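Below: one structure, written as structure tokens.
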Amino acid sequence: MATSADEEDLDWASFDSVAETYARVQAPQHSVVAADVVELLEIAPRSRVLDVGTGTGAAARAAAKATGAEGMVVGIDLSIPMLRLAAGEGMARFAAARAIDMPFRDATFSHELACFVLGALPNYQTALYEMLRVLSPLGGLGVATWAPGDDRDELSLAWREVAEQFAEREMLEDARERALPWEGLFSDRDRAKDALHDAGLRDIWVEKRTYRFETNARDYLDSREVSAAGRFLRRMLGGEFWGTFRSRVEAVFADRFPQRFNDFREALLIVGHKP
């Protein structure tokens, strides 16, 4: 299949090459947030749940625990390596599909999840329209996104300080913008609520929660490698210079931070319903 220049330029944005790292260091954090979204949605046994942008299935598994064996949970994603890891955990079904063109009939699902995905979609309006199409009347949609400024903590700033020795700040910010074009919108409480209301959701409720994740330097730096800026930087630097970058940032973390530390992150949890 032929690809456009834009698609080739953005091939670093795919999670395919970092699926295993994502499953190890980011999915456990996402699963904690997803479990809270599932609770807020009041997903009950026998529910039919769709997890959009499922990745390695963290939110789908949280939903499957709530629906029980008599329910149905389906997770969709474009990354085959991510889906393979998700399927290995069982408890839910998984399929490769786009959020803007889903292979499901109208009103198939009673609940939907979209955890840490809406900000990365090229066209979130079309995706939300499609998500509401397959959601049953009175069905609920739960969204999770990191709150604004969650990358301005001491740990994130230390990583960026070293990254900017290897790539210009504007270049890193541009990469993040291209990979996450709507991150700013969906990390803003009021703008996110307006976007979901415009899509057709009602009874929208937004809550900000703070999460504490205990980690170590190796796992934290691996999680940064999975981020948009990390994936871009690794592709730009190539193997040899990436190794140099990684050695330098490891030295900075060893000098500034203890062996184990807490990573505090704020997330917005949003729940709305289809009339």
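Read-outs: derived from the displayed coordinates by stated rules, not from any lab. The structure presented is a predicted model; accordingly, all values stated were derived computationally and were not measured. A quick note on method: Cβ atoms are made from the backbone with ideal geometry, for glycine too, and the neighbour counts reach across all protein chains shown.
Would you be so kind as to identify which of 118, 140, 226 lies farthest towards the positive end of the dipole of the range 5-273, taking Lys and Arg as +1 and Asp and Glu as -1 on Cβ and the Cα centre as origin?
Toward the positive end, the furthest listed residue is 140.
To the nearest 20 debye, what is the magnitude of the charge dipole of the range 144-275 about its Cα centre, counting +1 on the Cβ of each Lys and Arg and -1 on the Cβ of each Asp and Glu? Write out the running numbers ahead of the final one.
Numbers: 23 positive and 27 negative charges, 68 e Å.
Dipole size: approximately 320 debye.
About the Cα centre of the range 79-237, how large is the charge dipole given +1 on each Lys and Arg Cβ and -1 on each Asp and Glu Cβ? Please answer in debye to the nearest 20. Provide the component values of the computation, followed by the final result.
Working: 22 positive and 27 negative charges, 102 e Å.
Roughly 500 debye, rounded to the nearest 20.
What's the extension gain from residue 154 to residue 101 if we count 0.36 nm per residue and subtract their Cα-Cα distance?
Numbers: separation 53, 0.36 × 53 = 19.08 nm, distance 4.03 nm.
In short, 15.1 nm is gained.
May I ask you to sort 274, 193, 208, 65 by Cβ crowding, counting other Cβ atoms within 10 Å and putting the fewest first? Walk me through the intermediate numbers first.
Values: 274 20, 193 17, 208 10, 65 14.
With the fewest neighbours first, 274, 193, 208, 65 line up as 208, 65, 193, 274.
Got a sec? How would 273, 111, 197 order by Cβ neighbour count within 10 Å, fewest to most? Intermediate values should be presented prior to the final figure.
Details: 273 17, 111 28, 197 12.
Final ranking by Cβ density, sparse to dense: 197, 273, 111.
Residue 177 to residue 161: extension gain in nm, 0.36 nm per residue of separation minus the Cα-Cα distance? Could the numbers behind the result be given before it?
Working: separation 16, 0.36 × 16 = 5.76 nm, distance 1.87 nm.
Length gained between residue 177 and residue 161: 3.9 nm.
Only helical DSSP H runs with n ≥ 4 go in: add -39500 (n - 2.57) per run for the chain, normalise by residue count and round the 222 nm mean residue ellipticity to 500 deg cm²/dmol. Before the final figure, lay out the partial values.
On the way: 12 runs with 130 residues, N = 275.
Rounded to the nearest 500, the figure is -14000 deg cm²/dmol.
Report the extension gain between residue 129 and residue 266 in nm, rounded to one decimal, defined as 0.36 nm multiplied by the number of residues separating them, less their alpha carbon distance. Could you put the intermediate results ahead of the total?
Values: separation 137, 0.36 × 137 = 49.32 nm, distance 2.75 nm.
Extending this stretch completely gives an extra 46.6 nm.
Would you please give the residues with an amide H less than 5 Å from that of residue 139, counting only those at least 5 places away or on a separate chain, with H modeled from the backbone geometry?
Counting only residues 5 or more places away or on other chains, the set is 274.
Counting pairs of alpha carbon atoms under 8 Å apart in space and at least six apart in sequence, what relative contact order in percent does the chain give? Each step should come with its number before you reach the end.
Details: 481 pairs, mean separation 58.9, N = 275.
Relative contact order here is 21 percent.
Share of antiparallel DSSP beta bridges in the range 5-273, in percent to the nearest 5?
Working: 21 of 39 bridges.
Of those bridges, close to 55 percent are antiparallel.
Please state the charge dipole magnitude for the chain, taken about the Cα centre, from unit charges on C-beta atoms (+1 on K and R, -1 on D and E), reported in debye and rounded to the nearest 20.
Values: 33 positive and 45 negative charges, 167 e Å.
It comes to approximately 800 debye.
Can you return the lysines within cross-link range of residue 65? Criterion is Cα-Cα under 26 Å, with same-chain partners fewer than 8 residues away left out.
208, 274
Run the Debye formula on the Cα coordinates of the chain, all scatterers equal and no solvent, and tell me log10 I(q)/I(0) at q = 0.14 1/Å.
The computed values of log10 I(q)/I(0) come out as -1.00.
Would you work out which of 192, 149, 32 lies farthest towards the positive end of the dipole of the range 5-273, given +1 charges on the beta-carbon of Lys and Arg and -1 on that of Asp and Glu, about the Cα centre?
It is 32, whose Cα lies furthest towards the positive end.
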